Each structure stands twice: as structure tokens, then as C-alpha cells.
């Protein structure tokens, strides 16, 4: 039998990858609004993972999916095509997303109310 938390972590991993891919496209297309929107979505998935699982792994799972997607999209293809053009917005998105993950990971967890 599969543990419910494992299902959450796999779901958050995939969700982090999807947010990373969508953010990569949005931050380039609609600068600066797209960059803000991409960072807000990144913060939402990281903070949501923390609150949904109530563990630090709830941030690590979408963070891994997000980071792997960003790195793979930044590599490009042998033909020279790539999602990232190498400007300042891409670096802000990459470093800003990592900073948001660290902020969410170091947040104090509030105690849950007794049922």
C-alpha cells in the first residue's frame, strides 16, 4: 500500500516541474509582469507544499522538480534553440526562485489547532 505522503511528494514534484516550465515561458514573454507572476507561482507551490505536507520535504519535492526543469530548459539543444536567452530576467527568475525556496524552508511552522 502506498503511503499518502509519498503520493503528495510525487504530486508536488510534478507540480514543481510544471510551474518551472510555465514560469520559464511566462517570465520571458511578458517582462516584467511575467517575471513577477512566475515568482509568485513558484512561491505558491513551495509554500503550498509546506502547508500541505507540514514537512520540509514538502518544499524539497517541488523545489527539485522546479530546479531540474529550469536547468534542462537552460541547456538548450544542439541546434542552438533554448528557452532562456541569457538575460537578466532569467537570472532573476533562477536566483529568485531559489531564494523563495530557502525562505519557505526556513519559515517557522505554526502549531496545528487541536481537533
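Counting beta carbons within 10 Å around each of 30, 66 and listing the fewest first gives the order 30, 66. Helix 4-29 and the longest principal axis of the C-alpha atoms of the chain enclose an angle of approximately 30°.
With each label modelled as a point 7 angstrom along the Cα→C-beta vector, the residue 105-residue 25 pair spans 2.8 nm. Temperature 4 °C, viscosity 1.567 mPa s: under these conditions the Stokes-Einstein estimate for the chain, based on its Kirkwood radius over C-alpha pairs, is 88 µm² per second.
The relative contact order of the chain, computed from alpha carbon pairs under 8 Å that lie at least 6 residues apart in sequence, is 31 percent. Residues 93, 47, arranged from fewest to most other Cβ atoms within 10 angstrom of their Cβ, appear as 47, 93.
The numbers here are math on the coordinates, done by the rules we state, and not lab data. Remember, predicted model here, so these are calculated numbers, not experimental data. Note: ideal-geometry Cβ built from the backbone for every residue, glycine included; neighbour counts use all protein chains shown.
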